[in-house]
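The values are calculated or read from the model by the stated rules, or taken from the named source; none is laboratory data. In this text the structure is predicted, and so the values were computed from the model without any measurement. Virtual Cβ from ideal backbone geometry, glycine too; neighbours counted across all protein chains shown. Note: accessible area is taken over every heavy atom of the protein model, side chains too, but ligands, DNA and RNA are not part of it. Shrake-Rupley method; radii C 1.70, N 1.55, O 1.52, S 1.80 Å.
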Amino acid sequence: MRKALGWLLALTVLIGTLGTTAGAATAAEPTDIKDRLLSIPGMSLVQEKPYPGYRYFVLEYTQPVDHRHPDRGTFRQRITVLHKDTSRPTVFYTGGYNVSTTPSRREPTQIVDGNQVSLEYRFFTPSRPDPADWSTLDIWQAAADQHRVFQALKGIYSANWLATGGSKGGMTATYYERFYPRDMDGVVAYVAPNDVVNNEDSAYDRFFARVGTKECRDRLNAVQREALVRRGPLEKRYAAYAAEKGYTFDTIGGLDRAYEAVVLDYVWGFWQYSLLKDCDTVPADAATASDEAIWTSVDTISGFSAYTDQGLEPYLPYYYQAGTQLGAPTIHFPHIERRLIRYGYQPPRQYVPRSIPMRFRPAAMRDVDTWVRHHATHMLFVYGQNDPWGSERFRTGAGARDSYVLTAPGMNHGANVAGLVADQRRLATARILDWAGLPPATVAQAKPLARYDTRLDVRDAEREPALRP
């Protein structure tokens, strides 16, 4: 009995000690946001940059190369945190490519006046495993990256979270929601393509037959055709340009292929990044325009560096995904004689070194499309009326709840909530505020909570070469 009492006394003392230790540990927990972020296992600081009203951090986070097999190595993934207050909502952004290390605020972040976590997509340097096992670059692995970052930060940012992104980033936000539907409280996906059947792209041909005005379409089509008519002299200029810049063409298979790819991107690139009023910048009479005028117009809109080895390399992960899961558009050119086109729209395989194996998996996009139609909840899709990428878009079905697909009139690949017509703008803003968990009175006002900041707020389409969403 005495031994039993002694054991109980010792246990009581131990419990008291543990309680005291736990209390001391709690008291010692970091309170500064930088220290709290760096207390997360696997998180390290690259740089802190000042910005009025915020703390901005560039960080790296350790991720498994293969989330299905975490024992197969890790890589460092770059993220940024625009910190306002841990009590505010948090917007989780990815562009689907590299992450910018300049402080910026996406539209939903301005609307909810919140924090913003931005994630670099896996395999975009420097967030690329070494050695690179390209089979681990798929939409599920990328969603798992986001899920782990969310889990790591949710303890600090405990209010509601919204996922967002534009173009490939909008696709990424949608795929994340499909695989981890319990993480986010809402999704705002901008100009997100949805190529459900990769070999059926007639929607794009219909788009180009009616976009804008006939006068503008005719002007663009004529310049594109003329660039192929003058292929000989303009390719000589292209060769000189490439030699001057040190550009090479090994991946695509030669200067001739690259030249045609740039020219065939021309009309698409105009509508992706320009507005109808910009037609005035296109040569009015292509047949009588100088070689200089044709070259300058094509270079300005498509970019003659796009399909060089040096232009392709930064976007290699995108082309790999386009050729394995995402799909890629193919369009026709009824205004150009067949004798002038040697290659047509070239598939993603043409833009990826042959040393990297690729196999297309058509089920991936069908799965996501079906899920969105039947299960989308708290999802907003925003498209631009004159954006080619909106030709094949996400649509909600009977099973969707509190989800919307809206189109901004006259807008391009930079379409946003601010560009919607008034009633749709109020609807979209109110839903974003509601999903962010803000009070009903705030939701009812349906206005952005933070003032527009010309330096911080991103509104234009992120400029990428044409044919990259």
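Data overview
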quantity: Scan of segment 145-163 for residues that are touching a residue at least 40 places away in the same chain (Cβ under 8 Å), touching a strand residue (DSSP E or B) at 6+ places or on another chain (Cβ under 8 Å) and either closer than 20 Å to Val368 by Cβ or not hydroxyl-bearing (Ser, Thr, Tyr) (or both), ordered by number; calculated: Asp145, Gln146, Arg148, Val149, Phe150, Ala152, Leu153, Ala159, Asn160, Trp161, Leu162, Ala163
quantity: Subset of segment 287-310 [surrounded by 21 or more Cβ atoms within 10 Å (Cβ to Cβ) and in contact with a Gly (Cβ under 8 Å, 6 or more places away or on another chain)]; calculated: Ile301, Ser302
quantity: Any hit, segment 139-146, residues being of a type outside the set (A, V, I, L, M, F, W, C) and either outside any helix (DSSP H, G or I) or open to solvent by 10 Å² or more (accessible area, probe 1.4 Å) (or both); calculated: no
quantity: Subset tally (residues that are surrounded by fewer than 21 Cβ atoms within 10 Å (Cβ to Cβ) and either assigned to a strand (DSSP E or B) or among the hydrophobic types (A, V, I, L, M, F, W, C) (or both)) for segment 100-118; calculated: 0
quantity: Residues of segment 75-90 that turn out to be outside any loop (DSSP other than H, G, I, E, B), open to solvent by less than 10 Å² (accessible area, probe 1.4 Å) and touching a helix residue (DSSP H, G or I) at 6+ places or on another chain (Cβ under 9 Å), as a count; calculated: 5
quantity: Among the candidates Tyr93, Tyr97, residue that is farther than 22 Å from Trp435 by Cβ and surrounded by 20 or more Cβ atoms within 10 Å (Cβ to Cβ); calculated: Tyr97
quantity: Any hit, segment 49-59, residues being free of Cβ contacts under 8 Å to residues at least 60 places away in the same chain, touching a Phe, Trp or Tyr at 6+ places or on another chain (Cβ under 7 Å) and open to solvent by less than 30 Å² (accessible area, probe 1.4 Å); calculated: no
quantity: Members of segment 316-349 found to be surrounded by 18 or more Cβ atoms within 10 Å (Cβ to Cβ) and not in a loop (DSSP other than H, G, I, E, B), listed by number; calculated: Leu316, Pro317, Tyr318, Tyr319, Tyr320, Gln321, Ala322, Gly323, Thr324, Gln325, Leu326, Pro348
quantity: Residue among Thr407, Thr429, Thr442 that is outside any helix (DSSP H, G or I), out of contact with any Cys (no Cβ under 9 Å at 6 or more places or on another chain) and farther than 17 Å from Gly169 by Cα; calculated: Thr407
quantity: Failed item, numbered, when Arg72 is tested on (1) within 14 Å of the chain's Cα centre (by Cα); (2) surrounded by fewer than 17 Cβ atoms within 10 Å (Cβ to Cβ); calculated: (1)
quantity: Of the criteria (1) part of a helix (DSSP H, G or I); (2) farther than 20 Å from Val188 by Cβ; (3) open to solvent by 60 Å² or more (accessible area, probe 1.4 Å), which one Arg373 fails; calculated: (2)
quantity: In segment 148-170, the residues that are of a type outside the set (Ser, Thr, Tyr) and open to solvent by less than 10 Å² (accessible area, probe 1.4 Å); calculated: Val149, Leu153, Trp161, Leu162, Ala163, Gly165, Lys168, Gly169, Gly170
quantity: Qualifying residue in segment 119-133 (condition: buried (at least 20 other Cβ atoms within 10 Å of the Cβ), more than 12 Å from the chain's Cα centre (by Cα), in contact (Cβ under 8 Å) with a residue 60 or more places away in the chain and within 23 Å of Phe394 (Cα to Cα)); calculated: no
quantity: Selection from segment 211-239 of residues that are open to solvent by 60 Å² or more (accessible area, probe 1.4 Å) and either without any contact (Cβ under 8 Å) to a residue 12 or more places away in the chain or among the small types (Gly, Ala, Ser) (or both); calculated: Lys214, Asp218, Lys236
quantity: Condition met for Phe207 (touching a residue at least 24 places away in the same chain (Cβ under 8 Å) and under 18 Å from Gly390 (Cα atoms)); calculated: yes
